[in-house]
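Taken together, the values in this text are just the output of simple stated rules run on the coordinates, not laboratory data. Only a predicted model underlies this, so the values are computations on that prediction, with no experimental measurement involved. Here the Cβ positions follow ideal geometry from the backbone for every residue, glycine too, while neighbour counts run over all protein chains shown.
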Amino acid sequence: MLNVGCAQYFPKQFFTVFFHPNMEERHLRVCLAHELGHLFIIELVNENKNDGETLLNAGALTEPLSSIFGIFTIMDKNDFYKDRGRKLNHNSWEKILEDFILLQNKVIN
């Protein structure tokens, strides 16, 4: 089993995603979409906070929303590449969900 990716967030500086170099490309796409979901949610929420309010950070409970963001991202990319015969595309939305469940359970091979 290959370790799944993770990310480290440095507010207003940078966001780094780490992943195993031998991870299958399709699973890497799922991992990256999920991790970018964290960044998107954290930045969206923090941008709308008033001065003095506590900001979200990478440790915030954003897992489910990050996966939803990732699922929509992968669905959009599948649709974009559907007529181009990309090997990275999932065959169905069920397969996308299966990969995100695997990611959640940390068992991507």
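Partner aspartates and glutamates whose Cα lies under 20 Å from the Cα of residue 77, excluding those fewer than 8 positions away in the same chain, are identified as 24, 25, 35, 94, 98, 99. Going from the fewest other Cβ atoms within 10 Å to the most, the residues 4, 30, 17 appear in the order 17, 4, 30. Modelled this way, with points 7 Å down the Cα-to-C-beta line, the labels at residue 87 and residue 20 are 1.9 nm from one another.
Counting only Cα atoms, the size of the chain along its three principal axes is 49, 29, 22 Å, in decreasing order. The ranking of 76, 99 by Cβ neighbour count inside 10 Å, starting from the fewest, reads 76, 99.
What the Cβ-Cβ distance of residue 75 and residue 6 gives, at R0 = 30 Å and to the nearest 0.05, is a FRET efficiency of 0.80.
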